[in-house]
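Everything below concerns the one structure shown next.
A short reminder: the numbers here are calculations on the coordinates, not readings from a lab. Because the structure is a prediction, the values reported are computed rather than measured. Because the Cβ atoms are built from the backbone with ideal geometry, glycine has one as well, and the counts that use them run over all protein chains shown.
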Amino acid sequence: MKAQKQEGADLSLVLALYRKSSRVVTVEGPLRVPVNRAVRDDVRTLLRRGERLIVLDLAAVTRIDAAGVGELVRAFNLTAGANGRLRITNASPWVREVLERAGVFGLLTGDVEGEQRPA
């Protein structure tokens, strides 16, 4: 499995092939102000390459605030706009709580019924 690592201020991303038809992006570090656009930029790059199923692995996210939630929603909307699907996985209990309070956890995990629509 080939992986590519890109580092930003405190945030790093690792891209890896996951199954035959999806890409997993491992997000490491804080997702907070100042927002690092690395998540959205990597999602945009994957979409340009033809990927349509993208999974963000949040197991290594250490902090998230409203700006980080907004960045995840923007990545979700970007993917939906390209007729793709973006999902999150492995959110820690703390990250999950923040996403639930923001009302987007079900949307980002795919637990909401219906078609994926921009938030």
Original post:
For the pair Ser21 and Thr89, how long in nm is the line joining their label points, each one 7 Å along Cα→Cβ?
Top reply: 1.5
Original post:
Counting only Cα, what are the radius of gyration and maximum Cα-Cα distance Dmax of segment 24-110, in Å?
Top reply: 11.7, 34
